[in-house]
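Below is one structure, written out as structure tokens; comments come after it.
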Amino acid sequence: MTKFLLSVHVLAAILAIGPITVAASMFPRYVRSPAADGDGADHARTAALLHRVCRGYTVVGIAVPVFGVATGAQLGVLTDAWLLTSIVLTAAAAALLLLAILPGQQRLLAHPAGAAPGADAGVSETVRSAAARLAMVTGTFNLLWAVVVVLMIVRPGSTTGA
């Protein structure tokens, strides 16, 4: 049973968290300056698609901590420091996604840069600044997941191997 739970946990992480990290990382580029290459409509559609990918995979991503905790329980490591740290970092990443990244994407989709020809330059700069902040938050989200992956592999102090 442990191998099954671990397999589902790892597959869910790859198939759900992976697309979120990629789509969220690409989003600011497409929303920051959609008219830069004269193809603003394509950039706006791409940004909207990337947001839908993030939203959709967030729902599927719930499986990652669910099967992770189930696997930890089967292995008897739920009280190990490396796992508790991973849980805290996962919760922080989830909070960033739900409270900052997804709402930030939604706000930027509502006011894309260059949406109105001749629009006030200050508005456009505000959107670009918001996109830059979103990119930094997304980078933090991705870094949190990278640390969790390292902890899952290294498992310092674990008695289960590695």
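A few remarks follow.
- Accessible surface of LEU108 - all protein chains present, 1.4 Å probe, nearest 10 Å²: 10 Å²
- Within the shell defined by Cβ-Cβ distances under 14 Å, the residues around THR71 carry a net charge of +1, with Lys and Arg each +1 and Asp and Glu each -1.
- Proximal charge balance of PHE141 [Cβ under 15 Å; K/R count +1, D/E count -1]: +2
- Theoretical gain in end-to-end length, MET136 to VAL22 [0.36 nm per residue, Cα-Cα removed]: 39.7 nm
- Accessible area, probe 1.4 Å, largest first, for residues ARG107, ARG55: ARG107, ARG55
- Based on Cα atoms of the stretch 59-102, Rg over Rh with Rh as the Kirkwood radius reads 1.03.
The values are calculated or read from the model by the stated rules, or taken from the named source; none is laboratory data. Because the structure is predicted, anything quoted here is derived from the model rather than measured. When we count neighbours, we look across all protein chains shown, and the Cβ atoms used for this are built from the backbone with ideal geometry, even at glycine. Only protein heavy atoms, including side chains, enter the accessible area calculation; ligands, DNA and RNA are left aside. Shrake-Rupley method; radii C 1.70, N 1.55, O 1.52, S 1.80 Å.
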